[in-house]
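Since the structure comes first, as structure tokens, the remarks are kept for the end.
The values are calculated or read from the model by the stated rules, or taken from the named source; none is laboratory data. Just so it is clear, the model here is predicted, and its values are computed rather than measured. Cβ atoms come from the backbone with ideal geometry, glycine included; neighbour counts cover every protein chain shown.
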Amino acid sequence: MPDTPNSRARFVILISGHGSNMQAIVQACQAGRCGAEVVAVLASRTQAAGVAWAAGAGIATGVVAHTDFGSREAFDEALAQKIDSYSPDYVLLAGFMRVLTPAFVARYAGRLINIHPSLLPAFPGMHTHAQALAKGVQSHGCTVHFVTPVLDHGPIIAQGVVPVLTGDTPESLAARVLTVEHQVYPAVATWLAEGRVHLLADQRVVVDGIENRLFSSES
């Protein structure tokens, strides 16, 4: 959280592609719905379209291309140095398609947040929408969580749920999940900016003043 009560929380957002969740958070901040400032958007790919969008929104941008480094450790160290130059309160992963090293995760422990396109702990990893359809689940969605060294298993802050419809394809289901993602992540960003989110010693999350942390496509 900010050092002084009247200062705004500082977010650095990491992306690898279009960054639609990044855009949703930026728009919430710039509209005054989220009391934080996105101080930088950093990408792992030179072709990430979200970089141009963020620059057009007046946000500092940068690319730390993973292909420029010979190891995950070297990439993570370069990325961390770039992040630290902006002194963020939180680092938000928004479609950041890199598995981070334990050292990187430890460096930002309690300040590193991710959104994953499934109702964790179901379907960690890739191809979540196809996994959901293959298992025949009736509900699917997204999860915003603290990042830990175990991939897609961190403490859950909030989730969004959508129905799985007859005739769904991975693409149609992904589109419906993305809509609820754009509700959940800006809401969590707002809670973070307001200092409401607390990670307990037993790895549960509580959010002051928020009883229901489940969003739906109808809400």
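Here are a few things to note about the model shown:
- Taking the range 204-219 as the range and being surrounded by 12 or more Cβ atoms within 10 Å (Cβ to Cβ) and out of contact with any Lys or Arg (no Cβ under 7 Å at 6 or more places or on another chain) as the test, the residues that pass are V205, V206, R213, L214, F215, S216.
- Selected residue (only one of S20, S16 is in contact with a Phe, Trp or Tyr (Cβ under 8 Å, 6 or more places away or on another chain), under 17 Å from N114 (Cβ atoms) and modelled with pLDDT of 95 or more): S16
- Condition check for V206: part of a strand (DSSP E or B), of a type in the set (V, I, T), without any contact (Cβ under 8 Å) to a residue 24 or more places away in the chain and more than 20 Å from G32 (Cβ to Cβ): yes
- Residue in the range 91-99 that is charged (D, E, K, R), outside any strand (DSSP E or B), assigned by TED's automatic domain parsing to the domain that holds A201 and within 24 Å of A65 (Cα to Cα) present: no
- Residue among A40, A60, A55 that is surrounded by 15 or more Cβ atoms within 10 Å (Cβ to Cβ) and either on the phi < 0 side of the Ramachandran plot or among the acidic types (D, E) (or both): A40
- Residues located in the range 91-130, provided they are aromatic (F, W, Y) and crowded, with 21+ Cβ neighbours inside 10 Å: F96, F104, F123
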